[in-house]
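The structure appears below as structure tokens.
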Amino acid sequence: MVASVAVPPELAGRLSIQGGDFFAAVPAGAAAYLLRHILHDWGDEACLRILGQIRAVMAAGARVLLVEQVIPPGNAPSPASCSTSTCWRTPRAAANGRPRSPPACSAKQG
């Protein structure tokens with residue numbers, strides 16, 4: 001679901017905000033794809049499918065921009081580490097989603 005967003009005049013014609021089912025199709029040929037708070041809702045296999053859909057339609061030189069919380073190393077309390085809070089009582093738990101640590105994020109690159 002995409003909230004109604006006013007596109008600033010200086011970006012008109014360069015920015016398109018679209019919702020949809022990224023497991024079914026992704027708009028082709030964009031210069032950048034922004035995923036904000038998406039991947040943490042899904043397990044590894046689903047994340048690879050989402051990113052694979054984007055990769056299949058990306059223009060040469062396009063970028064994928066991810067906005068996600070990453071769990072810092074160690075056991076210190078963090079907004080990203082919510083194992084003791086109510087955030088795991090959300091649909092993401094049913095989809096095997098979770099915040100990821102820096103090593104887990106690095107392992108997925110490439």
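Here are the numbers for the structure shown:
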| quantity | calculated |
| --- | --- |
| Filtered residues of the stretch 27-61 (kept if under 16 Å from the mean Cα position of the chain (by Cα), of a type in the set (Gly, Ala, Ser) and farther than 16 Å from Ile17 by Cα) | Gly43, Ala46, Gly52 |
| Selection count where residues are surrounded by 16 or more Cβ atoms within 10 Å (Cβ to Cβ), outside any loop (DSSP other than H, G, I, E, B) and not charged (D, E, K, R), scope the stretch 10-46 | 5 |
| Criterion (touching a His at 6+ places or on another chain (Cβ under 7 Å) and at pLDDT below 85) met by exactly one of Arg89, Arg98 | Arg98 |
| The stretch 47-63: number of residues that are in contact with a Gly (Cβ under 9 Å, 6 or more places away or on another chain) and open to solvent by 30 Å² or more (accessible area, probe 1.4 Å) | 3 |
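The values are calculated or read from the model by the stated rules, or taken from the named source; none is laboratory data. The structure displayed is predicted, hence computed values, not measured ones. FYI the Cβ positions are ideal-geometry reconstructions off the backbone, even for glycines, and counts take in every protein chain you see. Remember, those area values only see protein heavy atoms, side chains included, never the ligands or the DNA or RNA. Shrake-Rupley method; radii C 1.70, N 1.55, O 1.52, S 1.80 Å.
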